[in-house]
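Colleague: The structure follows.
The values are calculated or read from the model by the stated rules, or taken from the named source; none is laboratory data. Remember, it's a predicted structure, so these values are computed and weren't measured experimentally. Cβ atoms come from the backbone with ideal geometry, glycine included; neighbour counts cover every protein chain shown.
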Amino acid sequence: MDEVTVFIMGKGYRVPAGLTIMKAMEYAGYRLTRGCGCRGGYCGACATVYRLRGDYKLYADLACQTTVQDGMYIAQLPFTPAERPAYRLEELRAEGQTLLSLFPELARCVACNTCTKACPQKLEVMDAVQASLRGDIPGVAELTFDCVSCGLCTMRCPAEISHHHVWQLARRLNGAYLTPRAPHVAQRVAEVEGGKFRAELDRLMAMGKEELVAAYKARDIEP
Amino acid sequence: MSSYPKEMQESIARVEATRPARLSTKFPRLPLPEQETLLKGFHPDYRPEGKRRLRVGPSWGESVPHELADLLEAYPLLDPKAVDVSRPDLDVDVLIIGGGGAGTVAAIWAHEVGIPAERILIATKLRHGDSNSIMAQGGIQAADRPEDSPAIHYLDVLGGGHFTNDPKLVRALVEDAPAIIRWHEDLGVMYDKAPDGTMAEIHGGGTSRRRMHSCKDYTGLEIMRVLRDEARSRGIPVLEFSPAVELLTDSQSQVVGAVLWNLETGEYAVVRAKATVLATGGWGRLHIQGFPTTNHYGATADGVVLAYRVGAKLRDLDAVQYHPTGAAYPDQLVGLLITEKVRGMDAQPLNRLGEAFVHPLEPRDVESAAFIRECLPPERGGRGLGVVTPTGMVGVWLDTPMVDIIHGKGTFQRALSSIYRMYIRFGIDPTVEPILVYPTLHYQNGGVVIDEHGWTGIPGLYAAGEVEGGVHGKNRLMGNSLLDYNVFGRRAGIAAAGWAKRAAPGTPTLAHVERYVGELRAAGIPPERKAPLLLPEYRGEKALARMVDLL
């Protein structure tokens, strides 16, 4: 078995090559509580920073999605302190100033692009900050849709922006106020409330298994 | 340049050779009797050696997987004599155990119907939102197009569940569905829509109408984070890293809260509650029959164990959902979910020879059984036509380049960006080359018995989401789990709030646990077996073998 040496918080361990950082830590004997969630790249719990020997750069990635390399120095972020201002969506308006008034630190962005380099999802984070400053809510929502709130950009940001909270608000404003409602959904809700399907559901519920199987087989399937 | 090993590339060449002809044809759906034969022959649920009958508790005699039976026939992790639960550390109206989708929805609706935020508590094992809910990719069903109706949805759900579902629960599911989607619109969920607001809806396995709503392939993430943000807006308190290790009962056998355990400091806390909602999710991390899983780290069936000890009945836990398309290559991705939406967008499953062998959208259990038959060697009854990887995994191809060929260049990256990202990280471009898949443990079809209000039949105890059973019978269709946790999370939250307004809880005790221990002893269960599991064991064998507890 090929092995590599990784340094978990500075202490060296030999682990099989090809493991993810998360599995390498477990192989070494760590029982994870912090720094481990969905194990599939969706929840953002396993934000990790690392350096490689002979390389000045500080890399940032998700432990569950990154393969170990020989000479990797690893530390996980157990938690990202980040302020989320109190708001109720129904009391806000999707206007140009909404994001900036709740998150005034956005204006401190120095366009260093460190956030973008830290993003494990390869999002254009700095562009999203700039879009927030311009009040372009749909732009922010689109640019940050794949954000998993891992907090890596927030921990690297010299302007001390709490990015994922800004993105969350922008997406909700976009979904609730800047996107047309589906007319067919509203219509169906009214039909259900008006009892349009009650009799048919009553009839189906009264059926025995054989009758149900027949009805199931007879249903037409939309292409 | 392909990053697949040479042997796999030879098979990819065959996939490419058959593609032009396959673009214009679709493999026919199987008639019901043939579906049954396939299931009986190849679905893991039909292997009798995988299960045993329970020897204790309210579902005595029912057959469940060994991995779950080992947890139900197990002694409490927390010695009931070691703690004093009579004086609560916290007192609330509604305690919600589990901070995933179901728990968060229940909390929001308990608040909505009048329980003050500070009288609600969400206690969760990991972080708020860490759950299977956040990992769901493909979508959520609701019959809201003119061509569709709740009645058609009802039939699809029952057929998918092989007519074993609880009809009352199915009716609640399909009737509430459109209102759930509208509620999500109000909360700001960014569904995929046409410019005029019309929902983009596609098919899922076993649906007879296109009713799958999605948010790219991050549907679960988008809904979960919006719900979490809404709960935060309402100021609902959340205790993270605090799993429940036991429920509490009073002298009237009502459930009156739970004992929580701080995963980091080891402290316990007694929470007294007028109503308790179990929303602990499923069992993927039990790795039933050795399968890899799509599930999050905390999916260890804790809620089923706790509910069983207070006398809740269980159902359909003999039925395990294996998602047909778990990643089978590269090794780092093994077991991870490849959403059904990929097949919904016309990628075909193919064998080593590049031949189609099953309709892409059979119900999940049928599709999984077909994959297993294709891969098993002939001496075990299979066709031996799987693709073998260098580390010995086996799988079938999912012809992902078809998505862009059929729907236009750029579609895959736009509509399936999480899958695209997952593979690009490992040098595989799914818009150019197919990906290898094999069934993976995905969902707990059954669970705690509830009525249409999420009530378990035990005063004070409600359940919602994957922990409960009956909604899906023995097989859930894609897009009905996100719907389930919203519909029954809401119903359980409202019912729990209603109960909390009139409940009179007595002094908390662990008397039910002591009774259960008596039953275990009488049944001769080995004393070293403990539950709930809380976390799976993934530490390396070498490290574990030398581990001693000194401090």
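Colleague: Pairs needed: first member in segment B:526-551, over 16 Å from A:ARG31 (Cα atoms); second member anywhere, part of a loop (DSSP other than H, G, I, E, B) and modelled with pLDDT of 95 or more; C-beta distance under 7 Å; at least 6 residues apart or different chains.
Modeller: Note: pairs meeting the criteria are B:ARG529/B:GLU73; B:ARG529/B:ALA74; B:LYS530/B:ALA74; B:LYS530/B:LEU77; B:ALA531/B:ALA74; B:ALA531/B:LEU77; B:PRO532/B:LEU77; B:PRO532/B:THR300.
Colleague: Moving on. Can you find, within segment B:112-150, the residue that is nearest to A:THR33 (Cα to Cα) among those that are facing chain A (nearest Cβ under 9 Å) and surrounded by fewer than 24 Cβ atoms within 10 Å (Cβ to Cβ)?
Modeller: B:ARG127
Colleague: Confirm whether B:ASP196 is assigned to a loop (DSSP other than H, G, I, E, B) and farther than 15 Å from B:ASN480 by Cα. Please lay out each step first, then the result.
Modeller: Working: assigned to a loop (DSSP other than H, G, I, E, B): yes; farther than 15 Å from B:ASN480 by Cα: yes.
When the stated conditions are applied, B:ASP196 passes them.
Colleague: Got a number for residues in segment B:392-419 being among the small types (Gly, Ala, Ser) and in contact with a strand residue (DSSP E or B) (Cβ under 9 Å, 6 or more places away or on another chain)? Steps first, answer last, please.
Modeller: Here is the first cut: in segment B:392-419, the ones among the small types (Gly, Ala, Ser) are B:392, B:395, B:408, B:410, B:415, B:417-418.
After this cut, where a residue has to be in contact with a strand residue (DSSP E or B) (Cβ under 9 Å, 6 or more places away or on another chain) as well, the list is B:395.
Adding up the residues that qualify gives 1.
Colleague: Further, regarding this structure: Restricting to segment A:95-112, what's the tally of residues that are among the aliphatic types (A, V, I, L, M) and in contact with a Pro (Cβ under 9 Å, 6 or more places away or on another chain)? Steps first, answer last, please.
Modeller: First, pick out the residues of segment A:95-112 that are among the aliphatic types (A, V, I, L, M): A:99-100, A:102, A:106-107, A:110-111.
Cutting the leftovers down to in contact with a Pro (Cβ under 9 Å, 6 or more places away or on another chain) gives us A:102, A:110.
So the answer is 2.
Colleague: Same structure, new question: Just name the residue that is nearest to the chain's Cα centre (by Cα) out of those in segment A:184-209 that are at the interface with another protein chain (Cβ under 7 Å from one of its Cβ atoms) and within 12 Å of B:PRO178 (Cβ to Cβ). Working first, answer last.
Modeller: Our first condition is that a residue be at the interface with another protein chain (Cβ under 7 Å from one of its Cβ atoms); within segment A:184-209, this holds for A:184-186, A:188-189, A:192, A:197, A:200-201, A:204-205, A:209.
Then keep just the ones that are within 12 Å of B:PRO178 (Cβ to Cβ); that gives A:184-186, A:188-189, A:192, A:197.
Values: A:HIS184: 29, A:VAL185: 27, A:ALA186: 29, A:ARG188: 31, A:VAL189: 30, A:VAL192: 34, A:PHE197: 38 Å.
The residue in question is A:VAL185.
Colleague: Of all residues in segment B:413-441 being among the hydrophobic types (A, V, I, L, M, F, W, C) and either without any contact (Cβ under 8 Å) to a residue 60 or more places away in the chain or surrounded by fewer than 18 Cβ atoms within 10 Å (Cβ to Cβ) (or both), which is farthest from B:ALA299 (Cα to Cα)?
Modeller: Filtering segment B:413-441 down to residues among the hydrophobic types (A, V, I, L, M, F, W, C) leaves B:415-416, B:419, B:422, B:424, B:426, B:428, B:432, B:435-437, B:441.
Keeping just the survivors that are either without any contact (Cβ under 8 Å) to a residue 60 or more places away in the chain or surrounded by fewer than 18 Cβ atoms within 10 Å (Cβ to Cβ) (or both) gives B:424, B:426, B:432.
Details: B:ILE424: 28, B:PHE426: 27, B:VAL432: 34 Å.
Per the stated criteria, the residue is B:VAL432.
Colleague: Of the residues in segment B:514-528, how many are surrounded by 13 or more Cβ atoms within 10 Å (Cβ to Cβ) and either of a type in the set (Gly, Ala, Ser) or out of contact with any Asp or Glu (no Cβ under 6 Å at 6 or more places or on another chain) (or both)? Walk me through it before giving the result.
Modeller: Step one: of segment B:514-528, the residues surrounded by 13 or more Cβ atoms within 10 Å (Cβ to Cβ) are B:515-517, B:519-520, B:523, B:525.
From what's left, either of a type in the set (Gly, Ala, Ser) or out of contact with any Asp or Glu (no Cβ under 6 Å at 6 or more places or on another chain) (or both): B:515-517, B:519-520, B:523.
Total satisfying the criteria: 6.
Colleague: Next question, about the same structure. Could you list all residues from segment B:261-296 that are under 12 Å from the mean Cα position of the chain (by Cα) and within 14 Å of another protein chain (Cβ to nearest Cβ)?
Modeller: Initial filter on segment B:261-296 (under 12 Å from the mean Cα position of the chain (by Cα)): B:279-285, B:293-296.
Hits for segment B:261-296 are B:GLY281, B:GLY282, B:GLY284, B:ARG285, B:THR293, B:THR294, B:ASN295, B:HIS296.
Colleague: Got a sec? Which of A:CYS115, A:CYS64, A:CYS38 is assigned to a helix (DSSP H, G or I), surrounded by 14 or more Cβ atoms within 10 Å (Cβ to Cβ), in contact (Cβ under 8 Å) with a residue 12 or more places away in the chain and not assigned by TED's automatic domain parsing to the domain that holds A:ARG172? Please lay out each step first, then the result.
Modeller: Working: A:CYS115 fails: not assigned by TED's automatic domain parsing to the domain that holds A:ARG172; A:CYS38 fails: assigned to a helix (DSSP H, G or I).
A:CYS64 is the lone residue from the list that is assigned to a helix (DSSP H, G or I), surrounded by 14 or more Cβ atoms within 10 Å (Cβ to Cβ), in contact (Cβ under 8 Å) with a residue 12 or more places away in the chain and not assigned by TED's automatic domain parsing to the domain that holds A:ARG172.
Colleague: Of the residues B:ASP70, B:ASP93, B:ASP89, which is within 30 Å of B:ALA504 (Cβ to Cβ), modelled with pLDDT of 95 or more, surrounded by 15 or more Cβ atoms within 10 Å (Cβ to Cβ) and of a type in the set (Asp, Glu)?
Modeller: Working: B:ASP70 fails: within 30 Å of B:ALA504 (Cβ to Cβ); B:ASP89 fails: surrounded by 15 or more Cβ atoms within 10 Å (Cβ to Cβ).
That would be B:ASP93, the only listed residue that is within 30 Å of B:ALA504 (Cβ to Cβ), modelled with pLDDT of 95 or more, surrounded by 15 or more Cβ atoms within 10 Å (Cβ to Cβ) and of a type in the set (Asp, Glu).
Colleague: OK, next. Restricting the search to segment B:80-98, which residues are under 17 Å from B:ALA307 (Cα atoms) and in a loop (DSSP other than H, G, I, E, B)?
Modeller: Restricting attention to segment B:80-98, the residues satisfying the condition of being under 17 Å from B:ALA307 (Cα atoms) are B:80, B:94-98.
Hits for segment B:80-98 are B:PRO80, B:GLY98.
Colleague: Also, quick follow-up: Just wondering, is there one or more residues in segment B:531-544 that are under 29 Å from B:ILE180 (Cβ atoms) and charged (D, E, K, R)? Explain how you work it out, then say what you get.
Modeller: If we filter segment B:531-544 for residues that are under 29 Å from B:ILE180 (Cβ atoms), which is where we start, we get none.
No: zero hits.
Colleague: Residues in segment B:221-238 that are more than 7 Å from chain A (Cβ to nearest Cβ) and in contact (Cβ under 8 Å) with a residue 60 or more places away in the chain: how many? Let's see the steps before the verdict.
Modeller: Taking segment B:221-238 as the starting set, the residues that turn out to be more than 7 Å from chain A (Cβ to nearest Cβ) are B:222-224, B:227-228, B:230-231, B:234-238.
Among the residues that remain, those that are also in contact (Cβ under 8 Å) with a residue 60 or more places away in the chain are: B:223-224, B:227-228, B:230-231, B:234-238.
Within segment B:221-238, residues that are more than 7 Å from chain A (Cβ to nearest Cβ) and in contact (Cβ under 8 Å) with a residue 60 or more places away in the chain number 11.
Colleague: Quick check, is B:ARG476 of a type outside the set (Phe, Trp, Tyr), within 18 Å of B:GLY100 (Cα to Cα), away from every other protein chain (no Cβ under 14 Å) and surrounded by 24 or more Cβ atoms within 10 Å (Cβ to Cβ)?
Modeller: Working: of a type outside the set (Phe, Trp, Tyr): yes; within 18 Å of B:GLY100 (Cα to Cα): no; away from every other protein chain (no Cβ under 14 Å): yes; surrounded by 24 or more Cβ atoms within 10 Å (Cβ to Cβ): yes.
It is false that B:ARG476 is of a type outside the set (Phe, Trp, Tyr), within 18 Å of B:GLY100 (Cα to Cα), away from every other protein chain (no Cβ under 14 Å) and surrounded by 24 or more Cβ atoms within 10 Å (Cβ to Cβ).
Colleague: From the list B:SER59, B:SER24, B:SER2, which residue is exposed (fewer than 12 other Cβ atoms within 10 Å of the Cβ), out of contact with any Pro (no Cβ under 8 Å at 6 or more places or on another chain) and part of a loop (DSSP other than H, G, I, E, B)?
Modeller: B:SER24 is the lone residue from the list that is exposed (fewer than 12 other Cβ atoms within 10 Å of the Cβ), out of contact with any Pro (no Cβ under 8 Å at 6 or more places or on another chain) and part of a loop (DSSP other than H, G, I, E, B).
Colleague: Among the residues of segment B:370-391, are any within 14 Å of chain A (Cβ to nearest Cβ) and aliphatic (A, V, I, L, M)? I'd like the intermediate steps shown before the answer.
Modeller: Pass one, segment B:370-391, residues within 14 Å of chain A (Cβ to nearest Cβ): B:389-391.
When the remaining residues are screened for being aliphatic (A, V, I, L, M), the result is none.
Checked against the condition, which is being within 14 Å of chain A (Cβ to nearest Cβ) and aliphatic (A, V, I, L, M), segment B:370-391 yields no hits at all.
Colleague: Output the residue which, of all residues in segment B:523-551 that are facing chain A (nearest Cβ under 8 Å) and in contact with a helix residue (DSSP H, G or I) (Cβ under 6 Å, 6 or more places away or on another chain), is nearest to B:GLU246 (Cα to Cα).
Modeller: Applying the filter and picking the extreme gives B:TYR538.
Colleague: Are there any helices (runs of 4 or more DSSP H) wholly within segment B:372-451 with 2 or more residues that are over 22 Å from B:PRO292 (Cβ atoms) and in contact with a Lys or Arg (Cβ under 9 Å, 6 or more places away or on another chain), and if so which? It would help to see each step written out before you state the result.
Modeller: Numbers: elements: B:401-407, B:411-415, B:417-424.
Qualifying helices (runs of 4 or more DSSP H): B:401-407, B:411-415.
Colleague: List every residue pair whose Cβ atoms lie under 9 Å apart, where the two residues are 6 or more positions apart in sequence or sit on different chains, the first residue falls within segment A:83-96 and is within 10 Å of chain B (Cβ to nearest Cβ) and over 19 Å from A:LEU133 (Cβ atoms), and the second residue, located anywhere, is aromatic (Phe, Trp, Tyr) and surrounded by 13 or more Cβ atoms within 10 Å (Cβ to Cβ).
Modeller: Going by the 9 Å Cβ cut-off, the qualifying pairs are A:LEU89/A:TYR177.
Colleague: Quick check on A:TYR30: is it more than 9 Å from every other protein chain (Cβ to nearest Cβ), crowded, with 19+ Cβ neighbours inside 10 Å, of a type in the set (Phe, Trp, Tyr) and over 18 Å from B:LEU333 (Cα atoms)?
Modeller: On the way: more than 9 Å from every other protein chain (Cβ to nearest Cβ): no; crowded, with 19+ Cβ neighbours inside 10 Å: yes; of a type in the set (Phe, Trp, Tyr): yes; over 18 Å from B:LEU333 (Cα atoms): yes.
The answer is no for A:TYR30.
Colleague: Follow-up question, since we're still on this one. Would it be correct to say that B:ALA301 is in contact with a strand residue (DSSP E or B) (Cβ under 9 Å, 6 or more places away or on another chain) and on the phi > 0 side of the Ramachandran plot?
Modeller: yes
Colleague: Check segment B:498-509 and report whether any residue there is assigned by TED's automatic domain parsing to the domain that holds B:ALA107 and within 30 Å of B:GLU367 (Cβ to Cβ).
Modeller: no
Colleague: Another question about this same structure. Looking at segment A:127-160 only, could you name the residues that are at negative phi, surrounded by fewer than 21 Cβ atoms within 10 Å (Cβ to Cβ) and more than 14 Å from every other protein chain (Cβ to nearest Cβ)?
Modeller: A:ASP127, A:GLN130, A:LEU133, A:ARG134, A:ASP136, A:MET155, A:ARG156, A:PRO158, A:ALA159
Colleague: Same structure again: Kindly check whether there is at least one residue in segment B:493-503 that is out of contact with any Lys or Arg (no Cβ under 7 Å at 6 or more places or on another chain) and assigned to a loop (DSSP other than H, G, I, E, B).
Modeller: no
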